[in-house]
Every structure is written in structure tokens, then in C-alpha cells.
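The block underneath contains the structure these notes are about, expressed in C-alpha cells.
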Amino acid sequence: MLFEPFTDIVPSFFGTLNQYPLLLTIFLHTVIVIPMFWIYSQEKERLENEA
Amino acid sequence: MANNLKWESQKLATWYFTVAAVLFGAQLLMGLIAATQFLYPAFLFELFDFSVARMVHINALVVWMLYAMIGSVYWLLPEETGIETVGVGIGKLLFWILTAAVTVVVLVYILVQVGPADQSTIWLIHEGREYIEAPRWADIGIVVVVLGFLGNVFLTAIKGERTGIMTVILADLIALAGLYLAGMGYTDNISMDQFWWWWVIHLWVEATWEVFVGSLAAYGLIRLIGASRQTVEMWLWIEVAMLFGSGILGLGHHYFWIGTPEYWWEIGALFSSLEPLPLVAMFVHVTYDWGRETGQGHEVSNSPALAWFFTNAFGNFLGAGIWGFFHTLPQVNIYTHGTQFTSAHGHLAFYGAYATILIGMFYIAVQGTNNIKQLKATFDSKMAIFLITLGVFGMTIALTVAGYGQVLVERAQMGATWEAFFISQDTLWFVQGLGWRLAMGVVTLVGFVYLIKDLLSTGKNPIHVR
Amino acid sequence: MSKRTVSVWTDVRFWQRSAAWVTGFSAALLIWLTFDTMGQIQMGTDADLKAGITKRVPAATVINYNIDYKMDDHRGHEVPVIGGKEKFFGRDDWSPEEAQALLDLGKLGSQAKNCMNCHTLLGNGAYYAPDLTKAWLDPAWGPNGPYLGMTGKDTKEEAMAEFLQHPSQYPTHSRMMPDLGITAEEAKGLVAFLKHMSSIDTNGFPRNFGKKDLTLREKKAN
């Protein structure tokens with residue numbers, strides 16, 4: 001059932017993303033994970049430069 | 001009980017633990033009444049109805065766990081910070097005020113039961129909203145007491161030594177306490193009502209309470225098997241990331257069917273499906289550390305406590321993680337929503353995630369109060385953990401079978417009507433499932449009796465190393 | 001710049017910052033989604049009903065209208081359908097204030113009498129008694145059900161109100177509802193609350209409401 005496009009009653013940003021299978025999920029998980037790469041590289045640099 | 005505690009904060013903790021244990025007993029008795037009524041509906045009909053027994057059952061549950069959590073904090077606070085809790089005298093006074101309030105609230109539940117359809121009932125008798133039935137006057141009292149408790153914790157944490165465990169607990173407690181406010185309101189819009197209600201319940205049991213358990217487990221591993229603080233605290237931060245990362249947006253899995261928009265299907269399902277992962281991490285971590293530390297020759301300083309902590313790691317994953325995952329996807333949930341399946345998950349989750357580790361803390365308190373260096377398992381302690389775990393797990397299986405039958409007949413086959421409900425309640429699987437649930441509930445109560453016997457007597461037992 | 005081998009994965013600060021980021025972002029997103037959802041579940045107005053504008057939670061004056069629950073192919077599940085005017089306790093002209101007062105009385109009543117600790121509302125509550133989400137539409141309260149005859153009433157709402165005031169006089173199962181001291185006025189309010197609740201868009205819960213014994217093939221054909 002989740003693999004068909006839906007139309008909810010009220011259009012909204014999330015309702016729109018929700019139209020396509022897994023788009024909302026992939027979008028949110030990507031947005032959350034990408035900054036963690038940045039945090040990782042920042043911490044790596046900091047640790048490498050510590051005496 | 002002999003009192004060798006040098007910290008006043010830990011004495012206060014034992015008071016909280018004592019009331020918690022009493023309320024746990026009340027919870028079990030009420031549960032047995034309610035379970036009996038499922039099978040014999042005439043039992044105490046119009047004297048002490050199911051709605052009253054169930055209300056006291058779930059309120060006793062929530063309150064005993066909150067008491068044990070507050071007690072746990074008062075217990076570990078001086079050990080983590082190295083100083084006596086700031087304002088502990090006020091903390092003691094607040095304990096008495098809170099306990100008096102809880103007593104009044106429960107007596108009103110039992111003796112008054114219902115009221116007229118106006119705000120006076122909401123303010124004085126109960127709010128009629130699952131788990132947070134406490135009348136508004138008591139809500140306000142709870143807020144005041146908890147602010148006092150938070151004051152104790154915060155002032156002590158900033159004055160004493162700051163550990164990773166304390167940082168997590170501090171942040172977590174502020175969120176935990178603040179969330180209670182979300183349930184303190186009235187609206188005539190049932191969708192809005194349930195939307196905010198879930199902010200309290202979900203963000204408690206599937207976010208802030210879980211993080212609290214993670215902190216207790218970290219503390220326990222250091223205390224019980226000498227695990228390294230650095231390792232344990234690193235794991236704690238990983239667990240916090242995973243618990244909040246999955247749990248906060250996982251709140252959406254309660255917004256599938258209450259009138260809220262459809263985008264919650266996807267957000268709720270896919271974030272809450274991740275909720276078992278931190279529980280796997282906790283389980284793996286506890287097991288691995290136990291093996292490694294005892295393998296390296298560290299003695300276990302409190303065997304019953306460690307057994308309860310280990311049961312927690314496993315039970316949390318099984319009850320909250322697995323049973324929760326079973327029905328978290330909307331494709332399944334549309335059929336199982338509001339059935340005995342939900343009850344099955346609830347029973348094992350509350351037990352596995354919370355009751356177990358809090359009972360572990362009771363044992364840590366017994367050890368400290370009696371100045372025991374190494375507390376060993378006894379026949380009673382083994383019977384307690386075995387029978388209670390067997391009982392709750394048995395209840396869960398029974399309810400799962402009953403729930404499965406109910407979902408099949410009432411929802412899938414018969415169209416979810418009034419008639420469908422009653423037909424499903426009379427099917428063989430359902431009735432037998434509820435019968436086994438009652439039997440296993442009795443097993444749980446017997447285990448509880450062993451637990452109390454052990455907690456009261458083990459302090460004097462000469463087998464322990466002092 | 002010295003480049004020693006480091007392990008970021010075992011560094012506490014990395015995990016602290018990750019935990020802070022994940023928690024902060026999730027909380028912020030939850031708050032944004034809450035604002036969006038709040039807007040969508042605010043109760044509609046009487047004007048919406050008159051203009052045929054669909055709201056997830058209609059106004060209290062929905063009690064003046066006929067409510068049904070039908071499959072919507074576009075959405076892929078059943079949705080409430082608000083039809084033409086229908087008398088409720090003899091009137092179809094309940095004003096917004098009167099309807100709101102009735103709904104308020106009913107909602108307070110549902111809490112004061114602790115309905116949620118036996119029944120489920122929108123699927124949440126206790127599992128001792130039936131779900132009340134679509135109770136207003138339930139066949140048991142309709143012309144082919146037992147209650148109209150048992151209570152000796154002509155309309156569904158009167159039957160429900162009568163039942164609520166003397167529940168143990170009208171049992172349909174050994175698991176009976178107890179007498180909770182519900183007054184006639186409170187009963188009216190509770191029925192209004194139930195009628196209103198059945199008009200809320202629950203994204204298709206309960207599924208296949210009222211359809212019995214259908215195999216998968218038959219459901220698809222339907």
C-alpha cells in the first residue's frame with residue numbers, strides 16, 4: 001500500500017515529499033546523516049593535530 | 001534494615017525504592033483483578049469495575065517506575081559527583097509530600113471512581129486519559145515536586161565532579177520532566193488530545209526513559225563488573241544518538257490513525273523501525289562487557305543486580321524492540337491497532353525495558369545499605385528473577401496468541417464492528433489466551449513474593465562477602 | 001602538521017557531537033511537523049461544512065449532517081463522507097454554540113466516566129470493550145442491530161443515550177458495561193461526541209469496516 005502515490009487532504013511540503021515511494025524517508029535520513037560526515041572529518045582533523 | 005549509608009541522598013533513595021516496591025505489588029494485584037474480569041465479567045461488577053482496576057494497574061506501574069527512577073538518581077548522584085546532594089533535606093520533604101499526594105489520588109480512584117461531566121472531575125477525581133489519569137491538582141503537585149528534584153540534581157551536578165553519565169542524565173531528566181506538561185491540558189478535539197498525549201507517553205517510554213536506562217546500565221556496568229568508564233560512556237553517547245535519532249521522529253508511529261496527516265505513515269514507520277537498533281547495541285554491549293570483565297578476572301560485586309541488568313538488556317530488545325517492530329508498520333498496524341497485540345507488546349516492553357533494571361537498582365541499594373562487598377545470588381533471588389521473567393514472558397505469549405486471534409477474526413474477517421469485537425472475544429484462541437495470561441500473572445505474583453522476601457532478608461544473609 | 005593514526009569512531013567527542021546533532025535536528029523537525037499537523041487537525045468551522053470543504057476534524061455542527069464511511073479510490077482507503085442534513089435528537093439546526101456545548105459536554109463526559117479504560121477511542125485505550133471510533137456507524141446501532149429494539153427507541157441517538165444511562169439493562173454479551181451515573185444531558189453530549197468522532201478522517205482506520213467474511217479476491221473485486 002505504501003508503494004502507490006497518495007494524495008492527502010491538505011498539500012504541504014511533507015505531503016508532497018510523501019507522494020513518492022520512500023522519498024520522504026530517504027530525504028530525511030540523508031539530511032540527518034550528511035552532517036555526520038562533516039562532524040567526522042572535523043573530529044579527525046582535530047585528533048590528528050593534537051599532540 | 002541496618003543503615004550503613006554515609007550519604008543522606010542514598011537514604012532518600014531507599015525510601016523511594018521502598019514505595020516503588022509497594023506500588024509494584026499493587027500493580028500486580030490490580031492486574032490480577034482485571035485479568036480475572038476478562039474471564040469472569042461478573043467479578044466485582046459495579047463494585048470495582050475493570051476500568052477502575054485497570055486505571056490503578058497502569059498508574060501504579062507508571063508511578064512505581066518514576067519513583068524507582070528518582071530513587072536511582074538520588075542513589076547514584078553522590079557516587080558520580082563525589083558530593084552530598086545539594087538540598088537533600090528539601091528532597092526528603094518533597095518525598096513525603098509526593099507520597100501523600102499519590103496516596104490520596106489512588107484512594108480517590110478506588111473509592112470515588114467517576115464523576116460528573118465537568119471540569120471539577122478533571123481537577124479532583126481523574127482526567128480519564130490513559131496512564132496520565134492523575135487529576136489536575138496532582139499534576140501541578142507533581143510538577144512542583146519534580147522541579148525540586150531537578151533542583152537537587154542540577155545544583156549537585158554543577159558543584160561536584162561532572163561525568164559523562166551525569167551529563168546525559170541531567171539533559172535527559174530536563175526533557176523527561178518537561179514532557180509531562182504536554183499532557184496537562186484539556187481540549188474538546190479528540191485528535192488534538194491524543195496528539196499531545198502521545199508526546200508524553202512515547203517521548204517518555206521510547207526516548208527519554210530509554211536514555212535513562214542507558215545511563216543506569218552504564219553506571220551499573222562500572223559498579224557491578226568494573227567496566228572502564230571511558231568505554232561505557234562512549235557507548236552511552238552512541239546509544240543516545242541512536243535512541244533519540246530513532247525515537248523522536250518515531251513518535252509518528254502513533255499518528256497513523258488519529259486524524260493526523262498521511263505523511264506520518266512514512267516518517268513514523270521508517271524512523272520507529274530503527275528503534276530496535278540501539279536496543280541491539282545495548283544488549284551486545286552489556287553482554288560483551290560482562291564476558292570481557294569477568295574473563296579478565298573482575299569479580300561480580302552484586303550477582304542478582306547483574307542478572308537483572310542482563311535481563312534488562314535482553315528484555316528491552318525483545319519486548320520493546322521485537323514486539324514493537326512486529327506492529328510498527330502501518331500495513332500491519334491498521335489491523336492490530338487497539339487489540340490484545342498491543343497489550344502483549346506493552347507488557348513485555350515495560351517489564352523488559354524498565355522493571356528489570358529498576359529492580360536491579362533495588363539490589364544495588366540493598367548491597368550499599370548493608371555494607372556488603374560482594375552480594376551473591378540466593379535461592380530466593382533466583383526464584384524471583386526466574387518466576388517474574390517467566391510469568392511476564394508467558395503473559396506476553398498468551399496475549400500475542402489472543403491478539404492474533406482477535407486481529408484475524410475481528411479486523412480481517414468480520415469488518416471491525418461491535419459484533420466482530422464480541423465474536424472475536426469468544427473465540428477459543430482468545431479465551432484460552434486470556435486464561436493462560438491469568439495463570440502466568442499468578443506466576444509473576446509468586447515471583448514478586450520471592451523478590452520482596454529476598455530484598456528484605458538478603459541483607460542479613462551470612463553468605464555474602466562483607 | 002603531525003599525522004598520527006587516530007580512531008574517530010572511539011572518540012567520545014565525535015559521538016557527543018553526533019548525538020547532539022541528531023537529537024537537535026530530530027527535535028526541530030518534530031516541532032516543524034507539529035505546527036503543520038496542528039494546522040491540519042484544528043476543528044473546522046460550520047462555514048466549512050456548509051461549503052462542503054473537507055476538514056480532517058470537522059466542526060461540532062457535523063452532528064446536523066449524515067455521516068458515512070466509504071472507500072476513496074484516490075486515497076486508497078475508506079474516508080468519512082459528510083452528506084445531507086440529518087436530524088439529531090429531533091433537530092438538524094443545532095447552532096455552532098449549541099453543538100459546541102454538546103460536544104464539550106460529551107468530551108468531558110468521556111473523560112469523567114473513564115471510557116478510555118475499557119474502550120478504545122481512535123484505537124487508543126483499553127481492550128475490554130469495543131472501539132468507539134465508528135460506533136456511530138456501527139450496524140449494531142442501526143435498523144438491523146439489537147439496540148433499537150432492546151431500548152425501544154426510534155432513533156439511533158435515542159437508543160445510544162438510553163443505553164448509556166442504564167447500560168447493564170441492555171446487555172448483548174456477558175461482558176457488560178457498568179452503570180456510571182450518566183445523566184440524560186450527559187448521555188446526549190456523549191452521543192454527540194461519538195457522532196463527531198466518526199466524522200474524523202483517520203486515514204482509513206478501521207479497514208473494511210462492516211465488511212464481513214471477504215476473501216482477498218472478493219475485496220479486490222469490490
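The values are calculated or read from the model by the stated rules, or taken from the named source; none is laboratory data. Since the model is a prediction, treat every value here as computed from it, not as a measurement. Because the Cβ atoms are built from the backbone with ideal geometry, glycine has one as well, and the counts that use them run over all protein chains shown.
Yes or no, residue by residue, for (1) surrounded by fewer than 21 Cβ atoms within 10 Å (Cβ to Cβ); (2) in contact (Cβ under 8 Å) with a residue 40 or more places away in the chain:
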position	(1), (2)
B:PHE45	yes, no
B:ASP49	no, yes
B:MET55	no, yes
B:VAL63	no, yes
B:LEU66	no, no
B:GLY71	no, yes
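Within segment B:295-310, can you find the residues that are surrounded by 22 or more Cβ atoms within 10 Å (Cβ to Cβ) and either of a type outside the set (A, V, I, L, M) or within 15 Å of the chain's Cα centre (by Cα) (or both)?
Selection gives B:ASN302, B:PRO304, B:TRP308, B:PHE309.
Looking only at segment B:42-57, count every residue that is more than 25 Å from the chain's Cα centre (by Cα) and at the interface with chain C (Cβ under 8 Å from one of its Cβ atoms) and tell me the total.
Qualifying residue count, segment B:42-57: 3.
Yes/no per residue for (1) modelled with pLDDT of 95 or more; (2) closer than 22 Å to B:GLY25 by Cβ; (3) out of contact with any helix residue (DSSP H, G or I) (no Cβ under 7 Å at 6 or more places or on another chain):
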{"residue": "B:GLY346", "(1), (2), (3)": "yes, yes, yes"}
{"residue": "B:ALA353", "(1), (2), (3)": "yes, yes, no"}
{"residue": "B:GLY368", "(1), (2), (3)": "yes, no, no"}
{"residue": "B:ASP380", "(1), (2), (3)": "yes, yes, no"}
{"residue": "B:MET383", "(1), (2), (3)": "yes, yes, no"}
{"residue": "B:LEU399", "(1), (2), (3)": "yes, yes, no"}
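Taking the options B:LEU28, B:LEU39, name whichever one is within 14 Å of chain C (Cβ to nearest Cβ) and aliphatic (A, V, I, L, M).
B:LEU39
Considering every residue within segment B:318-328, establish whether at least one is surrounded by fewer than 24 Cβ atoms within 10 Å (Cβ to Cβ), within 14 Å of chain C (Cβ to nearest Cβ) and not in a helix (DSSP H, G or I).
Yes, segment B:318-328 contains at least one residue that is surrounded by fewer than 24 Cβ atoms within 10 Å (Cβ to Cβ), within 14 Å of chain C (Cβ to nearest Cβ) and not in a helix (DSSP H, G or I).
Within segment C:117-222, which helices (runs of 4 or more DSSP H) (wholly inside it) include 2 or more residues that are facing chain B (nearest Cβ under 7 Å) and in contact with a Pro (Cβ under 8 Å, 6 or more places away or on another chain)?
none
Condition check ((1) in a loop (DSSP other than H, G, I, E, B); (2) buried (at least 18 other Cβ atoms within 10 Å of the Cβ); (3) more than 17 Å from the chain's Cα centre (by Cα)) across all residues:
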{"position": "C:VAL6", "(1), (2), (3)": "yes, no, yes"}
{"position": "C:PHE14", "(1), (2), (3)": "no, yes, yes"}
{"position": "C:ALA28", "(1), (2), (3)": "no, no, yes"}
{"position": "C:THR34", "(1), (2), (3)": "no, no, yes"}
{"position": "C:THR37", "(1), (2), (3)": "no, yes, no"}
{"position": "C:ALA47", "(1), (2), (3)": "no, no, yes"}
{"position": "C:THR54", "(1), (2), (3)": "yes, no, no"}
{"position": "C:GLY84", "(1), (2), (3)": "no, no, yes"}
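Which residues, counting only those in segment B:176-201, are crowded, with 18+ Cβ neighbours inside 10 Å, within 11 Å of chain C (Cβ to nearest Cβ) and in contact (Cβ under 8 Å) with a residue 24 or more places away in the chain?
Selection gives B:ILE190, B:SER191, B:ASP193, B:GLN194, B:PHE195, B:TRP197, B:TRP198, B:TRP199, B:ILE201.
Can you tell me which residues in segment B:255-266 are over 11 Å from B:PRO330 (Cβ atoms) and without any contact (Cβ under 8 Å) to a residue 60 or more places away in the chain? I'd like the intermediate steps shown before the answer.
As a first pass, look at segment B:255-266 and keep what is over 11 Å from B:PRO330 (Cβ atoms): B:258-261, B:263.
Result: B:PRO261, B:TYR263.
Among the residues of segment C:34-46, is there at least one that is β-branched (Val, Ile, Thr) and closer than 30 Å to C:PRO139 by Cα? Walk me through how you get there before you give the answer.
Looking only at segment C:34-46, we keep the residues that are β-branched (Val, Ile, Thr), and these are C:34, C:37, C:41, C:45.
Still in the list and also closer than 30 Å to C:PRO139 by Cα: C:41, C:45.
Yes, that holds for at least one residue.
Could you count how many residues in segment B:255-270 are at the interface with chain C (Cβ under 8 Å from one of its Cβ atoms) and within 23 Å of the chain's Cα centre (by Cα)?
1
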